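What follows is a short report on a single structure.
The values are calculated or read from the model by the stated rules, or taken from the named source; none is laboratory data. Since this is a predicted model, take the numbers as computed values, not measurements. Note that we place each Cβ from the backbone using ideal geometry, even for glycine, and neighbour counts take in every protein chain shown.
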Amino acid sequence: MVGRGLADDLGANPIEEITHQTGIWTFRFLLATLAITPLRYLTAWSRLVPLRRMVGLFTFFYACLHFLTYGVDYWFFALDEILDDVINRPYITAGFTGFILLIPLAVTSTHAMVRRLGGRRWQQLHRLVYFSAGAGAAHFLWQTKIDFRRPGIYVGCLALLFGIRLWERFGSRWLSKVTR
């Protein structure tokens with residue numbers, strides 16, 4: 001994005017383009033974060049697991065950039081207008097919900113917070129990432145007006161990642177019950 005900005009390649013409305021790009025990168029980083037555990041399931045390769053926190057924090061960073069550019073581009077931080085937008089436009093509601101759900105995850109991402117909350121409570125809290133991802137997917141789909149191919153691919157990837165996790169969690173038990 002910086003390179004495109006320096007090359008004056010952000011189009012007629014650069015802030016709007018930055019808003020779109022930061023949103024897309026937020027979703028990409030969120031998918032990358034969610035892909036680490038299924039990759040471990042499928043490949044038994046756990047070297048990526050230590051990177052999950054950093055990729056998750058990149059997700060939050062880009063979500064903050066996305067929200068800030070939206071706030072500047074559309075409302076110049078008029079909080080009453082932003083709140084009105086959140087209430088009255090479903091795709092903004094979904095995106096804002098996804099963003100709000102990322103905040104406690106970023107705040108509690110340190111080793112100290114894991115110890116403070118206890119592993120089990122920390123893990124339960126960090127399951128909010130699934131709801132945030134669902135809200136982000138809804139936001140991406142609802143704001144798309146014409147070409148649904150790109151959001152469809154991203155949402156399909158998210159569904160695949162959720163499916164792998166669900167299969168890993170419940171599939172083998174279900175399969176053993178069915179084959180008895």
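Below, the figures for the structure above:
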| quantity | calculated |
| --- | --- |
| Helices (runs of 4 or more DSSP H) (entirely within the range 78-180) containing at least 1 residues that are without any contact (Cβ under 8 Å) to a residue 24 or more places away in the chain and farther than 24 Å from residue 65 by Cα | 111-117, 119-125, 149-166, 172-178 |
| Qualifying residue in the range 43-53 (condition: in a helix (DSSP H, G or I), free of Cβ contacts under 8 Å to residues at least 60 places away in the same chain and aromatic (Phe, Trp, Tyr)) | no |
| From the options 19, 26, 37, residue that is in contact with a helix residue (DSSP H, G or I) (Cβ under 6 Å, 6 or more places away or on another chain), at pLDDT 90 or above and not aliphatic (A, V, I, L, M) | 26 |
| Any pair with Cβ under 6 angstrom, 6 or more apart, that starts in the range 23-37 at a residue that is of a type in the set (Lys, Arg) and ends at one that is surrounded by 22 or more Cβ atoms within 10 Å (Cβ to Cβ) and in a helix (DSSP H, G or I) | none |
| Among (1) surrounded by 12 or more Cβ atoms within 10 Å (Cβ to Cβ); (2) among the β-branched types (Val, Ile, Thr); (3) out of contact with any His (no Cβ under 9 Å at 6 or more places or on another chain) - the single one residue 153 does not satisfy | (1) |
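Results for (1) polar (S, T, N, Q); (2) modelled with pLDDT of 95 or more; (3) surrounded by 15 or more Cβ atoms within 10 Å (Cβ to Cβ); (4) more than 30 Å from residue 54 (Cβ to Cβ), shown as yes or no for each residue.
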site: 90; (1), (2), (3), (4): no, no, no, yes
site: 94; (1), (2), (3), (4): no, yes, yes, no
site: 99; (1), (2), (3), (4): no, yes, yes, no
site: 133; (1), (2), (3), (4): no, yes, yes, no
site: 145; (1), (2), (3), (4): no, no, no, yes
site: 160; (1), (2), (3), (4): no, yes, no, no
